[in-house]
Amino acid sequence: MRGRFRIVDPVCLAVIKALADAFDEEGLPFAIAGGMGAQALLAAAGLEHLLRATGDVDVVVNGEDARIVRALNRLAADHPDLCVVQNPAAKNARVGPLNVDWINEPSRLRGMEHALAASVERARVVRVRQIDLPVQEPEVLIAAKLTGQKVRPQDELDIAGVLQSGVMLDEVRLQDLVAARPSRFEVFVEVRKRLVKE
């Protein structure tokens, strides 16, 4: 059964740790992105009270689908307690109660294709409950939230989370990353203003 978890919930963290171990064993560089990436930054900053629940984990991976499938097969063999159901055509898998979506093709980054490999290479390692996790660089994490079809309330929460985590942010780079949708940078500015008022 699919659940909704915060990254610090034991079942969620166990799945992410198993996924990280499987990717490492396969030699696949990766970074946690999306809402779980924002959660990792918040948790590492000791701000667990700001975490929101989700049932998905997005990962950016520098590697082909075949190697990702091999890593997921290894995860299933090493963790028989976790049911692993893969859908490589859709680039996702159900691992225990979490849906795992992987991004390994530049076209899936919606106008930020040039940032794909660098978002893994420049990933920052953060510590969440004694586990080191690579997290997509914050500018790309926020830009991905801003460049979707629409910016949803949970996207704004994740953007606020990255800001509240205290990570250093290169706003000029962020603006460059969302250049294909320049009006979306204003959403970022509004989120930041709301945080300052609180």
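The values are calculated or read from the model by the stated rules, or taken from the named source; none is laboratory data. Note that this is a predicted model, so its numbers are computed, not measured. For neighbour counting, all protein chains shown are included, and Cβ atoms are generated from backbone atoms with ideal geometry for every residue, glycine included.
In the range 170-198, the qualifying residues are those that are closer than 21 Å to Arg152 by Cβ and under 19 Å from the mean Cα position of the chain (by Cα), and the one that is surrounded by the fewest Cβ atoms within 10 Å (Cβ to Cβ) is Leu174. Restricting the range 37-65 to residues that are over 16 Å from the mean Cα position of the chain (by Cα) and of a type in the set (Gly, Ala, Ser), which is nearest to Val126 (Cα to Cα)? The residue in question is Ala45.
With respect to Val125, determine if the residue is in contact with a Gly (Cβ under 8 Å, 6 or more places away or on another chain) and modelled with pLDDT of 95 or more. Can you show your working first?
On the way: in contact with a Gly (Cβ under 8 Å, 6 or more places away or on another chain): no; modelled with pLDDT of 95 or more: yes.
Criteria not met by Val125.
Considering the range 35-57, the residues that are part of a loop (DSSP other than H, G, I, E, B) and among the aliphatic types (A, V, I, L, M) include one that is surrounded by the most Cβ atoms within 10 Å (Cβ to Cβ), namely Leu51.
You will find that of Ile68, Ile7, the residue that is more than 14 Å from the chain's Cα centre (by Cα) and buried (at least 23 other Cβ atoms within 10 Å of the Cβ) is Ile68 and no other.
On the given criteria, is Phe23 crowded, with 23+ Cβ neighbours inside 10 Å, in contact with a Phe, Trp or Tyr (Cβ under 8 Å, 6 or more places away or on another chain), closer than 21 Å to Pro138 by Cα and not aliphatic (A, V, I, L, M)?
Details: crowded, with 23+ Cβ neighbours inside 10 Å: yes; in contact with a Phe, Trp or Tyr (Cβ under 8 Å, 6 or more places away or on another chain): yes; closer than 21 Å to Pro138 by Cα: no; not aliphatic (A, V, I, L, M): yes.
Taking the combined requirement at face value, the residue does not satisfy it.
The combined condition, being acidic (Asp, Glu), without any contact (Cβ under 8 Å) to a residue 24 or more places away in the chain and part of a helix (DSSP H, G or I), is fulfilled by Asp155. Applying the set (1) in contact (Cβ under 8 Å) with a residue 60 or more places away in the chain; (2) within 23 Å of Leu141 (Cα to Cα); (3) not acidic (Asp, Glu); (4) not in a strand (DSSP E or B) to Ile32 leaves exactly one unmet item: (4).
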